[in-house]
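Got a structure for you, questions after.
The values are calculated or read from the model by the stated rules, or taken from the named source; none is laboratory data. Values in this document were obtained by computation on a predicted structure and should not be read as measured data. Positions of Cβ are backbone-derived with ideal geometry, glycine not excepted, and every protein chain shown enters the neighbour counts. Please note that ligands, DNA and RNA were not included when accessible areas were found on the heavy atoms of the full protein model with its side chains. Shrake-Rupley method; radii C 1.70, N 1.55, O 1.52, S 1.80 Å.
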Amino acid sequence: LDGADDYRFELREGSQTGSVVLAQILADTEVDLIDVAEGTYAWGVQAQNATSTSSFSYRTIRVDRTVPSAPALLAPVANAMLPNMPFNFQWTSGMDALTTTMDSLIVVDSTSLPIRQLLATTTTYADSLGIGTYTWYVRTIDEAGNGTSSVVRALTIQ
């Protein structure tokens, strides 16, 4: 804000009425929260100078550094030999205690090029790949961008 000499920064547990975790007077407009534990916080800033202070302005943030659990592949089984007809990829999604997750199904051909890379809305995907050898896996990502991948499985379409 124009006329501000410095800023009071507050980090509070849960909401703007929660316990104060961190309070600092800042000459700059940036704070590093490297050592803050995972959880939901409200952070607020108040501009101040020698004669006045502004109201606090608060926003809520969620700190999430934990990678979701790995997704588990169900079908086709490892090294499956399938006829050249439609089949289903099936898996269980990875989980995260703090946020929701989303899965991506990745199918790679024998030249190591991804031929399918899609954001899955369910844990089953019907496909028909054509004759050849493929590998596939699922990647689970949480709202914070933390991600983990399943094992990689091979399959052959005859």
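Find the Cα radius of gyration of the range 58-109, compare it with 2.2 N^0.38 Å by division, and give the number to two decimals.
Details: Rg = 16.5 Å, N = 52, 2.2 N^0.38 = 9.9 Å.
After normalising by residue count via 2.2 N^0.38 Å, the value is 1.67.
Beyond 13 Å, what share of the Cα-Cα pairs of the range 6-59 remains, rounded to the nearest whole percent? Please report the intermediate quantities before stating the final value.
Numbers: 833 of 1431 pairs.
For the range 6-59, the fraction of Cα-Cα distances above 13 Å is 58 percent.
Another one. Mind checking the dipole of the range 54-158: about its Cα centre, +1 per Lys or Arg Cβ, -1 per Asp or Glu Cβ, Debye to the nearest 20? Don't skip to the end; give the middle numbers.
Details: 6 positive and 7 negative charges, 25 e Å.
Value, rounded to 20: 120 debye.
When ligands, DNA and RNA are left out and all protein chains stay put, how many square angstrom of accessible area per residue does the chain have with a 1.4 Å probe?
Working: 9290 Å² over 158 residues.
With all protein chains present, the chain gives 59 Å² per residue.
What does the charge count near THR148 come to, summing +1 for each Lys or Arg and -1 for each Asp or Glu among other residues with Cβ under 12 Å from its Cβ? Could the numbers behind the result be given before it?
Details: positive: ARG139; negative: ASP96, ASP103, ASP142.
Overall, the nearby charge balance is -2.
Karplus couplings for the range 30-38 from phi (6.51 cos²θ - 1.76 cosθ + 1.60, θ = phi - 60°), rounded to Hz, Gly and Pro as x?
9, 10, 9, 10, 5, 9, 7, 5, 4
Something else about it: For ARG116, what residues show an amide H to amide H distance below 5 Å, using hydrogens built from the backbone and excluding near sequence neighbours?
Under 5 Å from the amide H of ARG116: VAL107.
Summing Lys, Arg as +1 and Asp, Glu as -1, what charge do residues with Cβ under 9 Å from the Cβ of SER19 carry, SER19 excluded?
On the way: positive: ARG12; negative: GLU13.
Here the count lands on 0.
Run the quick spin-label model on ALA126 and PHE56: label points 7 Å from Cα toward the beta carbon, then report their separation in nm to one decimal.
Computed distance between label sites ALA126 and PHE56 equals 5.5 nm.
In the chain, carbon and sulfur make up what percent of the accessible area (probe 1.4 Å)? Intermediate results must be reported in sequence, preceding the final value.
Details: 4810 of 9290 Å².
In the chain, the share of accessible area belonging to carbon and sulfur is 52 percent.
Output wanted: per-residue J couplings in Hz (rounded whole) for the range 123-136, from phi through Karplus 6.51 cos²θ - 1.76 cosθ + 1.60, θ = phi - 60°, x for Gly and Pro.
With coefficients 6.51, -1.76 and 1.60, one gets 9, 9, 9, 7, 8, 9, 9, x, 4, x, 10, 9, 10, 8 Hz.
How big is the convex hull of the Cα atoms of the range 97-158, per residue, in Å³?
Details: hull volume 5.5 nm³, N = 62.
Looking at the range 97-158, the number lands at 89 Å³ per residue.
A follow-up question, please. Test of understanding: express the Cα radius of gyration of the chain as a ratio to 2.2 N^0.38 Å, with N the residue count. It would help to have the intermediate numbers written out before the result.
On the way: Rg = 24.1 Å, N = 158, 2.2 N^0.38 = 15.1 Å.
Scaled against compact globular proteins, the figure is 1.60.
Now, a different point. Using r as the Cβ-Cβ distance of ASN88 and LEU33, and R0 as 41 Å, what FRET efficiency do you calculate, to the nearest 0.05?
Working: r = 43 Å, r/R0 = 1.06.
Calculated transfer efficiency: 0.40.
Okay, moving on. Per residue of the range 75-85, in order, report the coupling 6.51 cos²θ - 1.76 cosθ + 1.60 (Karplus, θ = phi - 60°) as ³J(HN,Hα) in whole Hz, putting x for Gly and Pro.
Values per residue, Gly and Pro as x: 8, x, 5, 4, 6, 5, 10, 10, x, 6, 8 Hz.
Further question on the same structure: Can you check what the Kirkwood hydrodynamic radius comes to for the range 20-89, Cα pairs only, in Å to one decimal?
Values: mean 1/r = 0.0570 Å⁻¹.
Across the range 20-89, the inverse of the average 1/r is 17.6 Å.
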